[in-house]
Amino acid sequence: MRYAQGGGLTDAERAARERIRLQAVERFEGEVKNREIAAALRVSERSVERWRRAWRERGETGILSKGSPGRPRLNPTQIARLERQLERGPLVHGWADQRWTLARVKMLIGRLFHVSYTVEGT
């Protein structure tokens with residue numbers, strides 16, 4: 001099961017995944033091997049390894065859902081303003097070439113709106 005960053009899940013789907021993790025915890029306490037847990041719950045061994053590590057480090061709270069990521073940081077008006085600024089190009093904003101990179105867009109958002117985003121993959 002792979003999901004986009006933030007899950008893209010409804011509350012019911014998130015709760016169902018949490019129930020699976022709690023079933024894994026019951027097996028951790030019974031010292032069942034990761035491979036057996038993964039097969040029984042129909043998840044990857046890698047997921048079970050991550051859950052077990054989180055459970056060891058933080059207990060049951062370590063494997064609980066963190067909930068939805070919350071509301072977007074930019075409102076529709078700000079997004080429209082950002083789009084207009086992006087259309088003007090990087091040169092206008094002080095960069096030496098015409099390439100928009102994720103890092104540059106992040107910096108521009110910070111300058112315009114004083115909001116910080118995490119850029120994945122950098």
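Which one, 25, 118, 90, is farthest towards the positive end of the dipole of the chain when Lys and Arg carry +1 and Asp and Glu -1 on their Cβ? The one lying farthest along the dipole's positive direction is 90. All other residues whose Cβ lies under 12 angstrom from that of residue 104 are scored, Lys and Arg at +1 and Asp and Glu at -1, for a net of +2. Taking the alpha carbon gyration tensor of the chain, multiplying each eigenvalue by 5 and rooting it gives semi-axes of 42, 15, 12 Å, largest first.
Applying 0.36 nm per residue to the separation of residue 13 and residue 31 and subtracting their alpha-carbon distance, the gain on full extension is 3.7 nm. Spin-label pair residue 88-residue 20: with each label point 7 Å from Cα along the Cα-Cβ axis, the two points sit 4.6 nm from one another. Dipole check for the chain: with +1 at the C-beta of Lys and Arg, -1 at the C-beta of Asp and Glu, and the Cα centre as origin, the magnitude is about 280 Debye.
With the helix formula -39500 (n - 2.57) applied to DSSP H stretches of n ≥ 4, the chain reaches a computed 222 nm mean residue ellipticity of -17000 deg cm²/dmol. Simple spin-label estimate for residue 44 and residue 58 gives 2.0 nm between the two label positions (7 Å along the Cα-to-Cβ direction from each Cα).
None of the figures in this text is laboratory data; all of them are computed from the coordinates on show. None of the values given here were measured: they were computed from a predicted structure. Here the Cβ is made from the backbone with ideal geometry for all residues, glycine too, and neighbour counts use every protein chain on show.
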